[in-house]
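Chemist: The structure is given below, and queries will be raised subsequently.
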Amino acid sequence: MREIPKPTELDQVEKKYVRETRCYKTARVFPTDCNNHNTLFGGKLMSYIDDIASIAASKLCRVNTVTASTDSVDFLYPINPTDSVTLESFASWTGRSSMEIFVKVIREDLKTGEKKIAATAFLTFVALDENNRKLIVPRLIPETEEEMKLYETAPARAAMRKQRREESKKFADFLTVNYPWD
């Protein structure tokens, strides 16, 4: 008779639907938000992205979270002063204590109503307890086609993140910490 495997610690973890982590942010693009090309300054958009991603991460685990990495931000179309920008964010995959957060940026021309995906981003957050120790995060249950595609393709992105992080650590060991005036 075959022995039934014992449940692992992760099998006992709370599960949440991706939709429970979904959040939105809409902002108008003002001239002071623009760069010398008269488009939304990339740093401003990256600040919006980190902000909304942190909310999705907190909605997933309801504890303190920190940004571990901004894995990618792909700027696909410029965002103009005549546009509004809407960011949609949700958890797309979870590891043990880390979570991948996806952010979709939609620009809408406020005069014509035309909408386009202007940018996409993946960020990794880690859940921490009150002593800054890593916590196990809930498992995700994707439901929509978009959620399932992101969930299914996440392990490949996680492997790339791990490799890039190892390479970054090696490179950091090579770099100096001395200032020119030292």
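Chemist: So how strong a dipole does the stretch 1-137 carry about its Cα centre when Lys and Arg Cβ are +1 and Asp and Glu Cβ are -1, to the nearest 20 debye?
Modeler: Charge dipole of the stretch 1-137: 260 debye, to the nearest 20.
Chemist: So, one more: For Ser47, Ser58, give the ranking by accessible area with the largest first, probe 1.4 Å. Could you put the intermediate results ahead of the total?
Modeler: Details: Ser47 70, Ser58 45 Å².
Final ranking, largest accessible area leading: Ser47, Ser58.
Chemist: Kindly report, to the nearest 10 Å², the accessible surface of Arg28 as traced by a 1.4 Å probe over protein heavy atoms only.
Modeler: About 140 Å², ignoring ligands and nucleic acids.
Chemist: Here are labelled values, [x] 1, 7, 13, 14, 13, 12, 11, 10, 8, 6, 3, 1, 0, 0; [y] 1, 8, 14, 16, 16, 13, 12, 9, 5, 3, 1, 1, 0, 0, 0; [z] 1, 9, 17, 20, 20, 15, 9, 5, 3, 0, and one is the computed P(r) over Cα pairs in 5 Å bins from 0, in percent for what I pasted. Which one?
Modeler: [y]
Chemist: Among Arg107, Arg157, Arg139, which one moves the most in a GNM of the chain with springs linking Cα atoms closer than 10 Å?
Modeler: Residue with maximal mean-square fluctuation among Arg107, Arg157, Arg139: Arg157.
Chemist: So, taking all protein chains as they sit and a 1.4 Å probe, how much accessible area belongs to Glu114, in Å² rounded to tens?
Modeler: 80
Chemist: Also, I was wondering about something else. Would you mind telling me the share, in percent, of accessible area of the chain contributed by carbon and sulfur at probe 1.4 angstrom?
Modeler: Answer for the chain is 54 percent, counting heavy atoms of protein chains only.
Chemist: At 7 Å along Cα-to-Cβ for each site, give me the label-to-label distance between Gln12 and Ser58 in nm.
Modeler: 2.9
Chemist: Rounded to whole Å, give me the distance from the Cα center of the stretch 38-55 to that of the stretch 96-152.
Modeler: Measuring centre to centre over Cα atoms gives 14 Å.
Chemist: Would you calculate the separation in nanometres between label points at Tyr24 and Glu167, each defined as 7 Å from the Cα along the Cα-to-beta-carbon direction?
Modeler: My value for the distance between the label points is 3.8 nm.
Chemist: Okay, next question. How many lysine pairs are close in the stretch 1-118, with Cα atoms under 22 Å apart and the two 8 or more places apart or on different chains?
Modeler: Qualifying lysine pairs in the stretch 1-118: 17.
Chemist: Can I ask one more? Just to confirm the number: angle between the C-alpha axis of helix 42-61 and the first principal axis of the chain, 0 to 90 degrees, nearest 10?
Modeler: Between the helix axis and the principal axis of the chain, the angle is about 30 degrees.
Chemist: If you build a Gaussian network model of the chain, linking Cα atoms that sit under 10 Å apart, which residue out of Asp109, Asp50, Asp83 swings the most?
Modeler: Asp109
The values are calculated or read from the model by the stated rules, or taken from the named source; none is laboratory data. The model shown is predicted, which means the values in this text are computed figures rather than measured ones. A quick note on method: Cβ atoms are made from the backbone with ideal geometry, for glycine too, and the neighbour counts reach across all protein chains shown. Heads up: the accessible areas ignore ligands, DNA and RNA and are worked out on the full protein's heavy atoms, side chains in. Shrake-Rupley method; radii C 1.70, N 1.55, O 1.52, S 1.80 Å.
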